[in-house]
1. Taking the Cα centre as origin and putting +1 on Lys and Arg beta-carbons and -1 on Asp and Glu beta-carbons, what dipole magnitude results for region 526-645, to the nearest 20 debye?
2. Positive end of the charge dipole of region 320-418 (Lys, Arg +1 and Asp, Glu -1 on Cβ, about the Cα centre): tell me which of Thr415, Ala341, Ser362 has its Cα farthest that way.
3. What is the spin-label model distance, in nm, from Glu319 to Asn404 if the labels are put 7 Å beyond Cα along the C-beta direction?
4. In debye to the nearest 20, how big a dipole does the chain give about its Cα centre with +1 on each Lys and Arg Cβ and -1 on each Asp and Glu Cβ?
5. What net charge do the residues around Val441 carry, taking every other residue with its C-beta under 14 Å from that of Val441, with Lys and Arg at +1 and Asp and Glu at -1?
6. If Lys and Arg each add +1 and Asp and Glu each add -1, what is the summed charge of the other residues whose beta carbon sits under 11 Å from the beta carbon of Lys493?
7. Expressed in whole Å with the largest first, what are the equivalent ellipsoid semi-axes of region 446-523 derived from the C-alpha gyration tensor as the square root of 5 times each eigenvalue?
8. Give me the net charge for the shell around Asp44: Cβ to Cβ below 15 angstrom, other residues only, Lys and Arg +1, Asp and Glu -1.
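The values are calculated or read from the model by the stated rules, or taken from the named source; none is laboratory data. Small disclaimer: the values here were computed from a predicted structure and weren't measured. Positions of Cβ are backbone-derived with ideal geometry, glycine not excepted, and every protein chain shown enters the neighbour counts. Keep in mind that these areas ignore ligands, DNA and RNA; they rest on the heavy atoms of the full protein, side chains included. Shrake-Rupley method; radii C 1.70, N 1.55, O 1.52, S 1.80 Å.
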Amino acid sequence: MLQRRRHTPKELSDAIPHYIDSDMPQQHADFFAGLSYLPFATLDRHGRPWVSLLITRSDSDPSVGIRIAGQNTTHVVAETNPHDPLVRALSQDPAVAPEERLFAGVGVDFSNRRRNKIAGSIRNSSVEGAGKVRLQLASDQHLGNCPKYVTVRSLEHTQRSPELVYDEFEGRACVLPDEAKSVVARASTVFLATKHTSDGTASGVQTDMGVNHRGGAPGFTRLYEEGDGAQITTYLVIPDHSGNRFYQSLGNIETDPQVGLVFPDFATGQVLYITGEAENLLGDDADALMPRANLLTRIKVTGAVCVSGGLNLKLVSQEELSPYNPPVNYLRAELAQKGHAIETCDVATPLTATLVATKPLSSSISTFEFALSEAIKTPLPGGFGVFDFSGLVDAGYSHMNETNPQLVNEDHVRTWTLSSAPNFDAENNKFYHADQVSVTVKRKSGGLMSNVLHANADKMITHKLPVQFKGTGAGFSCFPELAEGKVPEFPAKMLWIAGGVGITPFMAMWDGIMQVVKTYPQAKLTDIVLLFSGRDDDVAVLQHFAEHNKTTAGNLRLRIVAFQSTGGNSLAGQSARDELRETFSDDLLRLAERRIQLEDIQSTQELEMREVYMCGPDALMSWTEAALNDLGIEEARRHRESFVF
């Protein structure tokens with residue numbers, strides 16, 4: 001049972017049946033009667049679930065609506081499009097028995113995130129004209145649901161002209177067109193239909209259904225394809241966000257893998273309907289497919305229908321995403337494509353990292369040095385390490401947290417760029433295995449792990465408290481992968497653009513370059529210009545590059561332009577400027593008390609010959625990209641840290 005595997009307390013598991021009412025509560029009756037849309041599912045003749053978003057209020061047809069006729073009898077008259085697979089399923093013989101056609105639905109009020117579930121059997125159904133549906137429902141399961149992950153939006157009825165984009169209603173394996181894939185990529189709202197199949201002692205196989213809401217940041221549902229010769233299969237992956245721990249939908253999948261999904265696009269009116277075979281992956285199996293996920297559902301798409309203009313609703317407001325949404329989790333293969341392949345450390349026992357030293361760089365930025373329990377092969381300078389603090393700070397399960405919603409899905413795993421390069425082995429022309437790694441972390445207002453690390457560093461050092469070290473990865477580096485024994489190479493002319501703690505990968509690259517040029521003093525000249533943007537005393541991190549003053553390598557040149565903006569600590573900013581001027585000569589460092597401007601990039605000597613590397617906050621990266629576009633810098637010479645893990 002999934003609840004046992006997920007360590008749901010027995011008292012909660014035992015209490016679940018008491019949360020489900022066989023008779024519809026009056027507040028549920030009032031709620032459903034007021035809905036203008038209803039996610040609704042049934043089974044086709046093969047027993048496959050199909051779920052639709054029925055429109056239950058119309059400006060032009062007063063007969064459309066939901067009416068509660070009795071305690072457990074509900075009449076639904078709804079609009080949908082003629083291509084809706086639910087319409088086709090209703091036109092077929094039921095999968096279970098002629099006298100019983102199962103249904104499930106979940107009412108959602110997108111204006112206030114309220115939702116309630118309903119399930120039972122369809123007594124009568126008919127389809128009229130271009131997708132008008134009449135249903136008489138007998139319900140025997142009623143359950144309230146929590147509001148987490150629901151996107152708030154305002155919707156109004158509209159009349160669209162549906163067009164069939166893709167139709168594999170009877171297919172067994174589907175290759176979705178790009179238009180359908182884009183619906184998945186944009187979706188922050190998905191509805192999932194499942195069925196529970198059990199072997200009853202008296203009446204044989206027994207089946208019921210459920211429909212649940214799944215929500216998250218746009219793109220939380222990931223899609224990938226696998227090929228076997230000419231056969232291509234599409235998979236959808238939905239990570240499990242912390243819920244009420246009932247595991248109704250996932251528990252159903254454990255008994256019967258057939259599921260249905262609907263992806264509505266409220267902005268365009270497109271609808272993507274899916275049916276498929278699902279499996280739940282836990283622990284290492286989940287992490288192997290999607291790093292940092294410990295429970296997910298993977299769906300093999302066996303049928304799909306995509307309709308343009310298939311939803312008679314229009315979005316009339318901005319969408320307000322739930323504050324409980326965790327960041328989008330990417331597939332391991334996607335991370336590799338983005339240059340962030342994660343390598344699990346090849347050691348016999350799990351690695352740990354123990355904090356051994358700290359070095360403050362500014363009032364909010366410090367470097368933390370960790371000793372590893374075993375030496376590892378480190379990535380090229382600019383790579384990252386994955387630290388798991390859950391063994392130290394995990395407070396356990398919480399259902400809701402209005403004060404800090406992000407804590408509900410907090411996994412206490414952080415991926416930080418390693419801010420120093422391992423020692424360079426001159427004899428073998430490669431960087432050593434390392435048993436120590438350093439990370440440079442900015443203490444963020446409201447940030448969880450950055451504050452934990454900064455506030456508890458002394459305790460972690462004194463008590464030698466280890467954290468799990470889960471692996472490393474590369475991607476953003478001026479060092480290309482080279483053949484064994486070959487001298488490391490890097491561009492002869494580079495422009496580095498960094499903001500705040502985005503300086504971290506450049507610290508590691510600088511250390512690596514320093515080691516190589518000291519080993520090969522006769523190599524060609526390496527010329528680097530660093531444009532750094534920092535707030536107040538963040539500019540003090542540039543002291544890391546003062547090593548340039550101590551080297552005699554004549555084939556390495558670094559020039560820094562620092563742009564300092566004023567925040568709430570002007571005295572610390574002044575002190576940091578004074579110390580930098582004492583450390584660096586004027587020809588190595590120029591300080592400007594303002595924000596970076598287009599002219600600062602444009603005035604870089606030999607700009608047209610430089611490889612450009614960028615890392616910093618999103619706003620700075622967007623501005624930099626626009627500036628490089630204006631200056632005509634070709635895309636092939638731009639390298640950005642697109643950190644997504």
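1. 120 debye
2. Going by the Cα projections, it comes out as Ser362.
3. Here the modelled spin labels are 2.8 nm apart.
4. Value, rounded to 20: 720 debye.
5. Combined, the nearby Lys, Arg, Asp and Glu give +3.
6. Charge balance in the 11 Å sphere: 0.
7. 33, 17, 13
8. Residues near Asp44 contribute -2 overall.
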